[in-house]
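Report on the following structure.
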Amino acid sequence: MGDLESDFNLRVVLVSFKQCLNEKEEVLLDHYLAGWRGLVRFLNSLGAIFSFISKDVVTKVQVLERLRSSPQQEHYLSLQSMVAYEVGHQLVDLQRRSRHPDSGCRTLLRLHRALRWLQLFLEGLRTSPEDASTAVLCTDSYNASLAAYHPWVIRQAVTMAFCTLPTRKVFLEAMNVGSPEQAVEMLGEALPFIEHVYNISQKLYTEHALLDLP
């Protein structure tokens, strides 16, 4: 997983999420995980501030990569095939973590929640004025997504850490696609793909009553 630490480029994420859906609008896990590897590079490029999220994401990506290379790998080609396989074979802990603590459904649900936070935060960066507070943008995005799944102590620590975030300009330059204006333009191209993947995943998890897996 050393490639998770190398330089980030927003174009890589854009390509991954563009390729994430097939003609049936199934979420292909290889491209989904490739997109997340790019997003982890982005988080890591900003220092230790986001390590509480990026370390957990790396762990979850590794779990899903092992499933993709397991003897059952054909069932993990897409999010849809994974859900059908694990739910159909009772490989998901629905009430409490017990026999299947690292099921693919539970693992990807954690990435799904984190993707919502990043999507909201990046959209905030894209649409905000130059002097916007990244601490406010990030806190608002966190409160609208991940905060609901974290205990009070973690929420307090996270929002305090957000106060040390760099400026909007630094964030945009960290995307390595040119000027801040070019980064904003590419975010405008990439975010609709990320949002579409999120919405399809959300609908699937809702239909199978999997949004609150322990």
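The values are calculated or read from the model by the stated rules, or taken from the named source; none is laboratory data. Worth saying up front: this structure is predicted, and the values here are computed from it rather than measured. Here Cβ is always computed from backbone atoms with ideal geometry, including for glycine, and neighbour counts include all displayed protein chains. Surface areas here come from the heavy atoms of the whole protein model, side chains and all, with no ligands, DNA or RNA. Shrake-Rupley method; radii C 1.70, N 1.55, O 1.52, S 1.80 Å.
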Notebook entry, point to check: What are the radius of gyration and Dmax of the range 14-53, computed over its Cα atoms and given in Å?
Noted result: 12.4, 39
Next item on the list: Roll a 1.4 Å probe over the protein heavy atoms and report the accessible area of I53 in Å², nearest 10.
Entry: 10
Notebook entry, point to check: With each pseudo-label sitting 7 Å past Cα toward Cβ, what's the D30-E189 distance in nm, one decimal?
Noted result: 2.4
Next item on the list: Just add up the charged neighbours of R110: K/R +1, D/E -1, any other residue whose Cβ is under 10 Å from the Cβ of R110.
Entry: +2
Next item on the list: Indicate the gyration tensor shape class of the range 72-123 (rounded, prolate or oblate), computed on the Cα atoms with a ≥ b ≥ c the square roots of the eigenvalues: a/c under 1.5 is rounded; otherwise a/b larger than b/c is prolate and the rest oblate.
Entry: oblate
Margin query: Taking 8 Å as the Cα distance limit and 6 or more residues as the minimum spacing, I'd like the relative contact order of the range 86-214 as a percentage.
Written below: 33
Note to self: Need the full-extension length gain, T127 to R113, defined as separation in residues times 0.36 nm minus the C-alpha distance. One decimal, nm.
What the structure shows: 2.9 nm
Item checked: Largest-first ordering by accessible area, 1.4 Å probe, given options V58, V40 -> V58, V40
Next item on the list: Would you work out what percent of the accessible area of the chain, with all protein chains in place, is carbon or sulfur (probe 1.4 Å)?
Entry: 53
Next item on the list: Label the range 98-191 by shape, choosing from rounded, prolate and oblate, from the square roots a ≥ b ≥ c of the eigenvalues of the Cα gyration tensor; if a/c is under 1.5 it is rounded, and otherwise prolate applies when a/b is larger than b/c, oblate when it is not.
Entry: oblate
Note to self: Output the 0 to 90 degree angle, nearest 10, between the alpha-carbon long axis of helix 180-207 and the longest principal axis computed from the alpha carbons of the chain.
What the structure shows: 30
Item checked: Overall dimensions of the range 10-163 as given by Cα atoms, namely Rg and Dmax in Å -> 16.6, 52
Check: How far is helix 152-162 tilted off the main Cα axis of the chain, in degrees rounded to 10, range 0 to 90?
Finding: 40
Check: Once the Cα atoms of helix 29-45 and of the chain are each reduced to a long axis, what angle between those two axes, in degrees from 0 to 90 to the nearest 10, is obtained?
Finding: 30
Next item on the list: Tell me the label-point distance for the pair A148, T164, using the 7 Å Cα-to-Cβ offset, in nm and rounded to one decimal.
Entry: 3.0
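If you roll a 1.4 Å probe over the heavy atoms of the protein chains, what accessible area per residue do you get for the chain, in Å²?
Per residue, the chain has an accessible area of 49 Å².
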Notebook entry, point to check: All other residues with a Cβ under 12 Å from the Cβ of L67 taken together, and with Lys, Arg as +1 and Asp, Glu as -1, what is their net charge?
Noted result: -1
Note to self: Between the range 125-142 and the range 160-214, what is the separation of their alpha carbon centroids in Å?
What the structure shows: 12
Notebook entry, point to check: Quick one, what does Rg over Rh come out to for the range 1-101 if you take C-alpha atoms and the Kirkwood Rh?
Noted result: 1.01
Notebook entry, point to check: With contacts defined as alpha carbon pairs under 8 Å and 6 or more residues apart, what's the relative contact order of the range 71-136 in percent?
Noted result: 19
